[in-house]
Amino acid sequence: MASAWRIRRLASSLDLLDSDHLNERNFWEAHRAGMLPGLPWRASFGRSSAAAPELGADTEPVLREVLTCSATEIAALRQAGAFG
């Protein structure tokens, strides 16, 4: 009995770079020394590359500016261990 499954080779990253389909659609963007997939949206600004923010980097500004917590409230939360 013949198997209904066929083994198919997956495209390598080099195969994808050479893909007529992806190249025709300007999928790839040159970035530093290589290529990256294009962003799924169009914007007036370019791609940004930087280190990701550290865990909790925006906690205090959010508490202060969005939730309007006072410095005393933030200090109490910090002392209680609310931020890990």
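The values are calculated or read from the model by the stated rules, or taken from the named source; none is laboratory data. Small disclaimer: the values here were computed from a predicted structure and weren't measured. Cβ atoms come from the backbone with ideal geometry, glycine included; neighbour counts cover every protein chain shown. Just so you know, the surface numbers come from the protein's heavy atoms only, side chains and all, with ligands and any DNA or RNA stripped out. Shrake-Rupley method; radii C 1.70, N 1.55, O 1.52, S 1.80 Å.
Can you pull out the residues in region 52-65 that are in a loop (DSSP other than H, G, I, E, B) and open to solvent by 50 Å² or more (accessible area, probe 1.4 Å)?
Restricting attention to region 52-65, the residues satisfying the condition of being in a loop (DSSP other than H, G, I, E, B) are 52-58.
Residues satisfying the conditions are Ala52, Pro53, Glu54, Leu55, Ala57, Asp58.
Test Ala33 against the stated conditions and say whether it is open to solvent by 70 Å² or more (accessible area, probe 1.4 Å), among the hydrophobic types (A, V, I, L, M, F, W, C) and free of Cβ contacts under 8 Å to residues at least 12 places away in the same chain. Break it down into steps so the answer makes sense when it comes.
Values: open to solvent by 70 Å² or more (accessible area, probe 1.4 Å): yes; among the hydrophobic types (A, V, I, L, M, F, W, C): yes; free of Cβ contacts under 8 Å to residues at least 12 places away in the same chain: yes.
Taking the combined requirement at face value, the residue satisfies it.
Check whether at least one residue in region 1-16 is open to solvent by 90 Å² or more (accessible area, probe 1.4 Å), at pLDDT 85 or above and not basic (Lys, Arg), and report yes or no.
Taking every residue of region 1-16 in turn, at least one turns out to be open to solvent by 90 Å² or more (accessible area, probe 1.4 Å), at pLDDT 85 or above and not basic (Lys, Arg).
Residue pairs, Cβ under 6 Å, 6 or more apart or interchain, first in region 36-49 and within 23 Å of Leu17 (Cβ to Cβ) and open to solvent by less than 100 Å² (accessible area, probe 1.4 Å), second at pLDDT 70 or above and not in a loop (DSSP other than H, G, I, E, B). List them.
Leu36/Glu29; Gly38/Glu29
Any chance region 66-74 includes a residue that's open to solvent by less than 90 Å² (accessible area, probe 1.4 Å) and touching a residue at least 24 places away in the same chain (Cβ under 8 Å)?
Within region 66-74, the first condition is being open to solvent by less than 90 Å² (accessible area, probe 1.4 Å), and the residues that meet it are 69-71, 74.
Pick out the ones that are also touching a residue at least 24 places away in the same chain (Cβ under 8 Å) and you get none.
No; the residues of region 66-74 include none that is open to solvent by less than 90 Å² (accessible area, probe 1.4 Å) and touching a residue at least 24 places away in the same chain (Cβ under 8 Å).
How about region 75-84: which of its residues are surrounded by 10 or more Cβ atoms within 10 Å (Cβ to Cβ) and either of a type in the set (Gly, Ala, Ser) or touching a residue at least 60 places away in the same chain (Cβ under 8 Å) (or both)?
Ala75, Ala76, Ala82
When region 40-60 is examined, which residues are found to be within 30 Å of Gly84 (Cβ to Cβ) and either under 11 Å from the mean Cα position of the chain (by Cα) or of a type in the set (Gly, Ala, Ser) (or both)?
Filtering region 40-60 down to residues within 30 Å of Gly84 (Cβ to Cβ) leaves 48-60.
Answer for region 40-60, where residues must be within 30 Å of Gly84 (Cβ to Cβ) and either under 11 Å from the mean Cα position of the chain (by Cα) or of a type in the set (Gly, Ala, Ser) (or both): Ser48, Ser49, Ala50, Ala51, Ala52, Gly56, Ala57.
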